[in-house]
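The values are calculated or read from the model by the stated rules, or taken from the named source; none is laboratory data. What you see is a predicted model; the values in this text were computed from it and never measured. Reconstructed Cβ throughout: ideal geometry from the backbone, glycine too, with neighbour counts over all protein chains shown. Note: areas computed on protein heavy atoms with side chains; ligands, DNA, RNA excluded. Shrake-Rupley method; radii C 1.70, N 1.55, O 1.52, S 1.80 Å.
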Amino acid sequence: MGLEESTFRDVVCTVCGCCCDHLEVTVKEDTVVKVKNACAMSTSKLLNYMNERIMKPMIRRRGRLSGCSYRDAVDAAAKILLKSRSPLLYGWSLTSCEAVEVGVELAEEVGGFIDNTTSTCHGPTILGVHEIGESSSTLGEVRHRADLIIYWGCNPIHAHPLHMSRYTLLSKGRFRKSRSERTLIVVDVRRTDTAKMADMFIQVEPNKDYELISALRAAVRGDEIEQDEVGGVPTDLIEEVAEMLISCDFGALFFGLGLTMSPGKSENVDAALSLVRDLNSKTKFVIIPMRGHFNVNGANNVMTWMTGYPYAIDFTRGFPYYNPGETSAVDLLARGECDSALIVASDPVSNFPYKATCNLTSIPLITIDPHITPTVLCSDVVFPSALVGIETSGTVYRMDGVPLVARKLVEPPRNIRSDIEILRDILRRYRNLKRLGR
Amino acid sequence: MSREIAILNGTVFDPTNRIFGERMDIFVKDGKIVGSASSKAQRIDASGKVVMPGGVDIHSHIAGSKVNSGRLLRPEDHRKDVEVKTPTTHSGVGYSIPSTYTTGYRYAKMGYTTVFEPATPPLKTRHTHEELDSTPIIDKGCFPLFGNNWFVMEYLRDGKVEECATYVAWMLKALKGYAIKIVDPGGVEVWGWGKFLRHLDEKVTHFNVTPREIIRGLCKVNRLLNLPHPIHVHTNNLGNPGNYTTTIETMDTVRDMANGSKPIVHITHVQFTGFSGSSWLNLGSGAPEIAEYVNKHGHVSVDLGQIIFGDTTTMTADGPFQYFLHMLTDNKWVNMDVEVETGSGIVPFQYKRSNYVNAIQWGIGLELALLIKDPWRVFMTTDHPNGGPFTYYPRVIAWLMSRKARERTLSKINRTARRRLTLPSIDREYTLEEIATITRAAPARSLGLKNKGHFGLGADADIAVYDINPSDMDVLRRKPAKLRRAFGQACYTIKNGAVVVRDGKILKSPFGRTFYVESQTKPEIESNLLRSIETRFRDYYTVGIENYQINESYLRYPAKVRCEAEI
Amino acid sequence: MSALELTLRRTVMAPLYLDIISPDNLSGKRWREIGDYIVWEGNRKVKLRSLFKIEGEAEANLQDTLIEIVGDMSRARRIGYRMSGGVIRVRGHGGLYVGESMRGGRIIVDGDAGPWLGANMAGGTIEVSGSAGDHVAAASLGTDKGMTGGTIIVKGDSGSQTGAWMHSGLIRVSGSSGMFPGAHMRGGTIHIIGDCSGRAGANMRGGKIVLSGKLPTVLPSFTFEDIRSQTRVDKDNVEGPFYVFSGDNNEGGDGRLFIKKASNPQLKWCEKFLEV
Ligand code: SF4
Ligand SMILES: [Zn+2]
């Protein structure tokens, strides 16, 4: 890639789960100089991805992180894993499917746990699906057909900025041409910017989503609700909403962390999935989780096809075993059950609960990340890595499971490798050491 | 380095080359069948054993978004069947929706070396390829879904068959697909509105085209493109009592396009569309009628979709049928509609011997296999995992080969069903050469895979050696358990000239190839078409055409099959 | 009756898979043989001897077998897995999945127990002197069958989803319980003597939940039936009066919630539906 200015079209964005694929990115001298069609979040990432980068591998010596050769870092990482009885491999939603595939192989080889960030965002969604299933569709179906759209416990204006214009309310579909042909209902605990665009905003009391969904299910069934209000919402209004749900031609319910991370978690999702399932006996209705990271869905998919399970997989006994709560990262760490960890493109030190973080920082920690993060600073071995979708290519899965290839646009800084390469090298070194019996 | 193998003294079944159980040697060099081998060749003593080409599965749901959603839906399915890591294999889970590695290993252990995933939503075909590339040992390919595709329906509505053909050719190339798959034509589009479509001549809402027109149109397209495999059809009305008439009507609707003796339409998992009767209470087997039609008409082939009693996971692109199954069973349900193209559904299901309907279904599959006379036009499948997991193939083989095996199961099924089935009165027992035909030679021919399913010189060295002594056949027929064991665990499986399985154990697991079809249409026709679809693409899809196409370099070992289009 | 005593020798920093420890596996075995048993400690196989000091003897007769485990087992899993008779007593934290798929006999935990206590239990008795984690008596992921028989008694508190997917049997919690006791319940009885954080009986289709303490609110998909002065739990009479609700209507259910009137004045509104 040379000095000439060149423009890439149809670039896949690697920020949020919308995986918008219509970006135009102009590159000159191996840096991004212009971004078109993207949202602010995406533009900012593409223009600033060189900030706070790690430029060389590091190892902790006498309490301090200091630069080292790549070989030494690989060797140190392999040795940590080799000594470990219960290693945890965590992260995986900000990297490519190809890297996750190597990650699963590594986890199997070292006899450890592999978990992705799902366990702290949409894990409950998956637990709900195990029980109920889900009636879903790709986003294009919503664009073409939906006359009723619900955002529940999510705020796409800020978290998924182009979701509405590309896929839902403001998009132009075959059977729905404009905003006026669609109705938007927003359910949230506060009047978010998304709520301001709604035809109907329903303010639910904090942590009362479950009650409200139960009431809606009852109203959809045509049952009488004996209470005057549920979760702060008057029963009359609930009945009115139920009528709207039943009488639409094609409804789509999107939900976010407001549902999955408020008390009740998987049961909240369970209820939402059940509501949508019930509605299908009256009309057409789909439900789609608003996945956050650009490839968290891909990580789930790869792990599922390789092991049968989407996250929180235990390989310690040589076969895949799955039980979130028992085998998920936060819970393992909270019980102090891991004796080393490898983190790929994630920052658990900033995000995990206190007790889990304490245990995480007290065990040998290997981190692969493009940027300096609190987790990197607590690590014993650090690998700088190339950014997927900017400096290296890879497959990613949109929130609705549509697979896309995020392309390489520029060369990574010198000596900076992709996650795949680093993981493969660690795996190779591990196998060698094991064969030599060290 | 040349890799040579000599398989000596086996009893060889190679129906394609009219070898029906002859004692002979088979030689392998560099992954191909050759006429002789040097003294350095690895020698395999196959005396007292049966040697067949590697198995070819024409219809088995092993990869892609729907299969993976099935895995995600059912942790309980995996927990009861796990594979522990060994020095030669990865760990995994099994039962009805095995993980990718396990899928490859288990097929290889049964002597199967080629498997086709029969339903990939085009928009998610990249996912299908990722999984196929993660499935070791076997060669594979996938059939993109076309029966509810907006472009296809519009071209056919407007009578633009040639444009449609050009589009299909481009799609197969862009997706690295192998054949035209049609599922519930028009019905899945209507299901996009939560509605049902019941007749071949009912118009698809908003598209003004009928299932019959879609089937006929795509059949013509298939012909224009000279694709190696005929249109692969999952008919309308699947799972409804009386649907055998839809099956016959579907076969008959393309009769006038027949092309010599070569089948031009393949009806898949025909058991599921072989119901007679008008309700669940008087449900019966439509197998005799369907078999009669197939026997009289050379333009049709079918595969069984045999059911196996027990727990499994049903998954099809037939969204409305899966919803119906969910309502019937109250079991958990996944639905996934895919913009512009198709849909899919998943429901766990238990086939029970005591259940009248299930028992009839079991009978329909076997009746079809036994009443259709020409083994070259009926292939063994369970529509994995819809009828049951592919790991039960040995059981199906035993039912086909041994009247005794059938009688044993018959004695345990629902009594009313037993009374109403023709099956108890059928004496036919498949011979080994017929088994070799329906499990490898015929599906390979139907797929147009010239180097598969036989031992002609230059054929791919995909070979299965089974511990069956053909001179003991009479004994084996009385001991079906032995027969099952023999077909369940190959003594040797050789894939592409390498011994990958010995005595049912995996020795190594190289990755196989992915077949896809390129039917070259005239360049100017193609570029005109591309221009016209490019403008519509962003209107129809939520992704760009650039990101929709899959480069050949995306596949691990792509294997292009070329054909000449007539346009 | 002599006891087999296993005393933990060292701290364990990895998951410990102890499904082998059950009277069914150990009765009639000599301590030497038992010491040679192999279990997984994380990804390593270790001998029981290296983990535990093994003393005493296991009775030959299953029903008479008593196994005592001393030490903090909080990182252990599945003590008493599938046991059908005899007694296990844990002095210390019992770990995860205590008594999973238990079919008979008795487990006593002198201390707390982790999540999935008595998951898939089919028979026998578990008593926990301390508190239990989430998912007491739960079903395996993806299945709709949790506890099908037996008794679980928790003296302290229990976590959320106590008795989810329960089909039969009895759970009694003396302390308080988290959310969703009896979620998806099909049958059996749950008695929470302390307070419950809410959503009792969500999606239940059958069975009975008795709440003697406070419940914030009843789900809108339940129907108020009646006021009863008392109700039976196992062989005991529990004094009320109780508000009785049926549901969960969303699942076409016919379960019963008994909610103590005295502890729940906020539910007084339902009295207006009383037929006069
Ligand atoms: S909405 Fe999400 S995917 Fe689309 S451009 Fe913005 S950050 Fe990227
Ligand atoms: Zn199929």
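Mean-square fluctuations from a GNM of chain A, with a 10 angstrom spring cutoff on Cα atoms, peak among A:Ala38, A:Ala386, A:Ala218 at A:Ala218.
Starting from the Cα gyration tensor of chain B, take the square roots of the eigenvalues, sort them a ≥ b ≥ c, and report rounded, prolate or oblate (rounded when a/c is under 1.5, otherwise prolate if a/b is larger than b/c, else oblate). Oblate, because a/c is 1.5 or more while a/b does not exceed b/c. Between C:Ser129 and C:Glu225, what's the calculated FRET efficiency when r is the beta-carbon distance and R0 is 30 Å? Round to 0.05. E(calc), rounded to 0.05, equals 0.25. Solvent-accessible area of A:Met41, all protein chains in place: 70 Å² (probe radius 1.4 Å, heavy atoms, ligands and nucleic acids excluded). Placing unit charges on the Cβ atoms of the charged side chains and taking the dipole of chain B about its Cα centre, the candidate lying farthest along the positive direction among B:Pro558, B:Val28, B:Ala441 is B:Val28.
Given the protein assembly as shown, what percent of its DSSP beta bridges are antiparallel, to the nearest 5? For the protein assembly as shown, the DSSP antiparallel bridge percentage is about 45. Directionally averaged projected area (region B:350-460, Cα convex hull): 7.3 nm². Here the protein assembly as shown is treated with +1 on each Lys and Arg Cβ and -1 on each Asp and Glu Cβ, and its dipole about the Cα centre works out to around 3460 debye. Bridge orientation summary for chain B: considering DSSP beta bridges with both residues in this region, about 55 percent are antiparallel. When +1 charges are put on Lys and Arg Cβ atoms and -1 charges on Asp and Glu Cβ atoms, the dipole computed for chain A relative to its Cα centre reaches about 2000 debye. The share of accessible area on chain B that comes from carbon and sulfur is 47 percent, using a 1.4 angstrom probe.
Short-range pairs are left out: with C-alpha atoms under 8 Å and at least six residues apart, the relative contact order of chain C is 10 percent. Measuring nothing but how far apart in sequence close Cα pairs (under 8 Å, 6+ apart) lie, relative to its length, chain B scores a relative contact order of 21 percent. Computed about the Cα centre, the dipole magnitude for chain B is approximately 1840 debye when only Lys and Arg (+1) and Asp and Glu (-1) carry charge, each at its Cβ. Since only A:Thr194, A:Cys154, A:Ser171 are under comparison, the one whose Cα sits farthest along the positive direction of the charge dipole of region A:101-212, derived from C-beta charges on Lys, Arg, Asp and Glu, is A:Ser171. Chain B packed on chain A takes about 4900 Å² of accessible surface away from a 1.4 Å probe, both sides summed. For region C:222-263, accessible area lost to neighbouring protein chains reaches 50 Å² or more, against the chain alone with a 1.4 Å probe, at C:Asn250. Under the shape rule built on the C-alpha gyration tensor, where the axes satisfy a ≥ b ≥ c, region B:285-428 is oblate, since a/c reaches at least 1.5 while a/b does not exceed b/c. Taking amide H as placed 1.01 Å from N in the peptide plane, the amide H of A:Val286 sits under 5 Å from that of A:Gly251, A:Ala252, A:Leu253, each at least 5 places away or on another chain. Burial here means at least 40 square angstrom less accessible surface with every protein chain in place than with the chain by itself, probed at 1.4 Å; in region B:37-79 the buried residues are B:Asn68, B:Leu72, B:Pro75, B:Arg79. Along region C:250-263 the Karplus relation, 6.51 cos²θ - 1.76 cosθ + 1.60 evaluated at θ = phi - 60°, assigns HN-Hα couplings of 4, 10, x, x, 10, x, 10, 10, 10, 10, 5, 5, 4, 8 Hz to successive residues, with x for each Gly and Pro. Shape verdict for region B:450-567, please, from the Cα gyration tensor: rounded (a/c under 1.5), prolate (a/b greater than b/c) or oblate. Prolate shape, in that a/c is at least 1.5 and a/b is the bigger ratio.
Springs join every pair of Cα atoms under 10 Å in this Gaussian network model of chain C, and among C:Asn237, C:Asn25, C:Asn61 the largest mean-square fluctuation is at C:Asn237. Can you give me the Cα centroid spacing of region A:136-215 and region B:360-381 in angstrom? Centre-to-centre distance over Cα atoms comes out at 50 Å.
Among A:Ser379, A:Ser247, A:Ser96, whose mean-square fluctuation peaks in a Gaussian network model of chain A (Cα, cutoff 10 Å)? Fluctuation is largest for A:Ser247.
In region B:543-562, burial by the other protein chains removes 10 Å² or more of 1.4 Å probe accessible surface, compared with the chain on its own, from B:Val543, B:Glu546, B:Asn547, B:Tyr554. Per-residue ellipticity at 222 nm computed for the protein assembly as shown from its helices equals -8000 deg cm²/dmol, with DSSP H segments shorter than 4 residues left out and the rest contributing -39,500 (n - 2.57). Under a 5 Å amide H cut-off, with hydrogens placed 1.01 Å from N, C:Gly255 pairs with C:Gly206, C:Gly247, C:Asp248 among residues at least 5 apart or on other chains. For region B:504-551, the percent of C-alpha pairs falling in each 5 Å distance bin, counted from 0 to the bin holding the largest distance, reads 4, 14, 14, 18, 14, 9, 6, 6, 6, 6, 3. Taking both sides together, the accessible area buried where B meets C is about 300 Å² for a 1.4 Å probe.
When each pair of different Cα atoms in region A:6-47 is counted once in the 1/r mean, what is the Kirkwood radius in angstroms, to one decimal? Computed over region A:6-47, the radius equals 10.1 Å. Using a 1.4 angstrom probe on protein heavy atoms only, the contact between A and C buries about 3700 square angstrom of accessible area, both sides summed.
Whole-Hz Karplus values for region A:320-328 come out as x, 10, 9, 6, x, x, 9, 10, 8 Hz, taken residue by residue from phi with 6.51 cos²θ - 1.76 cosθ + 1.60 and θ = phi - 60°; glycine and proline positions read x. Apolar share of the accessible surface for region A:6-47: 49 percent from carbon plus sulfur atoms, 1.4 Å probe.
Backbone phi angles across region B:312-320, fed through the Karplus curve with coefficients 6.51, -1.76 and 1.60 (θ = phi - 60°), yield HN-Hα couplings of 8, 10, 8, 8, 9, 7, 8, x, x Hz in residue order; Gly and Pro are listed as x.
Once the 1.4 Å probe is applied to the protein heavy atoms, region B:55-447 comes out at 25 Å² accessible per residue.
Per residue, chain A exposes an accessible area of 32 Å² to a 1.4 Å probe, with every protein chain left in place.
Think of chain B as a dipole: +1 on every Lys or Arg Cβ, -1 on every Asp or Glu Cβ, centred on the Cα centre; then among B:Ile214, B:Asn547, B:Gly260, B:Gly260 lies furthest on the positive end. Nonpolar atom fraction for chain C, defined as the carbon and sulfur part of the 1.4 Å probe accessible area, stands at 46 percent. Taking amide H positions as modeled 1.01 Å from N, with prolines and chain starts lacking one, the residues under 5 Å from B:Thr313 and 5 or more places away or on another chain are B:Phe349. Sequence-distant contacts, meaning Cα pairs under 8 Å at least 6 residues apart, place the relative contact order of region A:123-289 at 32 percent.
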